[in-house]
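Asker: Next up is a structure, given as structure tokens.
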Amino acid sequence: MVDEAADDRPAASGGGVPRPPPGRIGRSSDVERVTRALDDERLVTVLGPSGVGKTRLAVEVAAGARERFDDVWVCGLTAVHDADSMVADISRTVGVHRDEDPDALDAVISALDGRRSLLVLDHLDQVAGAAAGVVARLLASARGLSLLVTSSLELGIGDEVALDLAQLDERDAARLLRGLGDAAADERDDERDG
């Protein structure tokens, strides 16, 4: 007998997490703080204004979480505009390809249920109003799922832990900019030599 639910279940994943940029300039304590929060709670939201480093921090935490979770994914939500497009992006991210299916969220829940999984929802403020219902349903139905959210707004649901991310101090910001410039120069050199 074929288990149809198993057909939608994604394989164990370490993929789906971009490689973090080199160096953790000024954010080591923030990575530790978010990691500790995820050890205790299933919904952690990193708050801050655009450009403060929420995405970079979330990717760093996700990369370090691979040993503690069966599956780890990062889902960027910059192009979403409503709950349906959010669910479609999540579905693609976790490997459940049912974009146009009205039951796509059920398929995602079925695929994740019972696995110790971390799903990063980056730029959730793009769909803040619609997102709360999707997030609440994921947490209520997919046992073992933890969510790390980046946003400028709290979701205000359940046992959400909201952590404010401060701007880097001038010294760390200057080091970050030098490091990014060096990385871009190295990439140009590699392209020219390659």
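Asker: With Asp113, Asp106, Asp122 as the choices, which residue is charged (D, E, K, R) and within 15 Å of the chain's Cα centre (by Cα)?
Answerer: Asp122
Asker: I'm trying to understand the selection: among the residues of region 114-129, which are open to solvent by 40 Å² or more (accessible area, probe 1.4 Å) and farther than 16 Å from Val74 by Cα? Can you show your working first?
Answerer: Restricting attention to region 114-129, the residues satisfying the condition of being open to solvent by 40 Å² or more (accessible area, probe 1.4 Å) are 114-116, 123, 125-126, 129.
Scanning region 114-129 gives Gly114, Arg115, Gly129.
Asker: Taking the condition loosely packed, with under 15 Cβ neighbours inside 10 Å and either modelled with pLDDT of 90 or more or more than 14 Å from the chain's Cα centre (by Cα) (or both), does Gly95 pass?
Answerer: When the stated conditions are applied, Gly95 does not pass them.
Asker: Further, regarding this structure: Could you list, in sequence order, the residues of region 126-143 that are of a type outside the set (Ser, Thr, Tyr) and farther than 12 Å from Met86 by Cβ? Even if it seems obvious, please write down each step before you answer.
Answerer: Here is the first cut: in region 126-143, the ones of a type outside the set (Ser, Thr, Tyr) are 126-140, 142-143.
The answer is Ala136, Leu139, Ala140, Ala142, Arg143.
Asker: Scan region 69-84 for residues that are open to solvent by 40 Å² or more (accessible area, probe 1.4 Å), of a type in the set (Asp, Glu) and touching a strand residue (DSSP E or B) at 6+ places or on another chain (Cβ under 7 Å) and jot them down. Show your work before the answer.
Answerer: Restricting attention to region 69-84, the residues satisfying the condition of being open to solvent by 40 Å² or more (accessible area, probe 1.4 Å) are 70, 76, 78-79, 81-82, 84.
Filter once more, keeping what is of a type in the set (Asp, Glu): 70, 82, 84.
Asp70, the sole residue that qualifies.
Asker: Looking only at region 51-65, count every residue that is in contact with a helix residue (DSSP H, G or I) (Cβ under 9 Å, 6 or more places away or on another chain) and assigned to a loop (DSSP other than H, G, I, E, B) and tell me the total.
Answerer: Looking only at that region, the number is 2.
Asker: Separate question: So how many residues does region 142-162 have that are more than 14 Å from the chain's Cα centre (by Cα) and under 22 Å from Ala65 (Cα atoms)?
Answerer: 7
Asker: Out of (1) under 29 Å from Gly51 (Cβ atoms); (2) open to solvent by 10 Å² or more (accessible area, probe 1.4 Å); (3) in contact with an Asp or Glu (Cβ under 9 Å, 6 or more places away or on another chain); (4) of a type outside the set (Lys, Arg), what's the single condition that is false for Gly144?
Answerer: (1) is the only condition that Gly144 fails.
Asker: Kindly check whether there is at least one residue in region 99-106 that is open to solvent by less than 20 Å² (accessible area, probe 1.4 Å) and in contact (Cβ under 8 Å) with a residue 40 or more places away in the chain.
Answerer: no
Asker: Among the residues of region 2-41, write down those that are crowded, with 19+ Cβ neighbours inside 10 Å, in contact with an Asp or Glu (Cβ under 8 Å, 6 or more places away or on another chain) and either farther than 22 Å from Ile90 by Cβ or modelled with pLDDT of 75 or more (or both).
Answerer: Answer for region 2-41, where residues must be crowded, with 19+ Cβ neighbours inside 10 Å, in contact with an Asp or Glu (Cβ under 8 Å, 6 or more places away or on another chain) and either farther than 22 Å from Ile90 by Cβ or modelled with pLDDT of 75 or more (or both): Ile25, Arg27.
The values are calculated or read from the model by the stated rules, or taken from the named source; none is laboratory data. These figures come from a predicted structure and were not determined experimentally. Every residue, glycine among them, receives a Cβ derived from its backbone with ideal geometry; neighbour counts consider all protein chains shown. The area values use the complete protein model at the heavy-atom level, side chains included, leaving out ligands, DNA and RNA. Shrake-Rupley method; radii C 1.70, N 1.55, O 1.52, S 1.80 Å.
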